[in-house]
Amino acid sequence: MERNYRELLEHGNKAQLEKLLENKHKEDWPNEIDYTYACMDLEMKELQKEVYSGYGVDFSKIRREAADVANFAHMIILACDRRLNNEQP
């Protein structure tokens, strides 16, 4: 089967945006890569807990936690790009 990049990004971006909008009251994304990675690591632990819950799989919870992980990964990408483009320290 051929990879469907559009489907992957449509579903992933939709879930990520849903999670971001829940926290739209927060400030801009952190620029500290190590701090952001630590946050992503915590979200990975929450995702792992949901995936291996043992109480029956709740796909909505897994989806939400996966979106959190992806959002923090994108924050790291943004911080790197800002530095690469000399936009922010």
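Just to be sure I follow the definition: excluding the sites themselves, where is the longest run in the chain that has none of the chymotrypsin sites (Phe, Trp or Tyr not before Pro) in a DSSP loop with at most 13 other Cβ atoms within 10 Å?
Free of exposed loop sites, the longest segment is 1-51.
Within the stretch 1-40, which trypsin sites (Lys or Arg not before Pro) sit in a loop by DSSP and count at most 10 neighbouring Cβ atoms inside 10 Å?
3, 24, 26
Please report Rg (one decimal) and Dmax (integer) in Å for the Cα set of the chain.
Spelled out, the Cα radius of gyration and Dmax of the chain are 14.8, 48 Å.
Cα convex hull of the stretch 44-89: how many Å³ per residue?
56 Å³
For the stretch 1-53 and the stretch 55-89, compute the distance between their C-alpha centroids and round to whole Å.
Cα centroid to Cα centroid, the span is 4 Å.
Loop only per DSSP, at most 15 neighbouring Cβ atoms within 10 Å: give me the GluC sites (Glu not before Pro) in the stretch 9-44, ordered by residue number.
27, 32
Readers should treat all values here as calculations from the given coordinates under stated rules, not as data from a laboratory. Predicted model only: the values in this text are computed from it and were never measured. Note: ideal-geometry Cβ built from the backbone for every residue, glycine included; neighbour counts use all protein chains shown.
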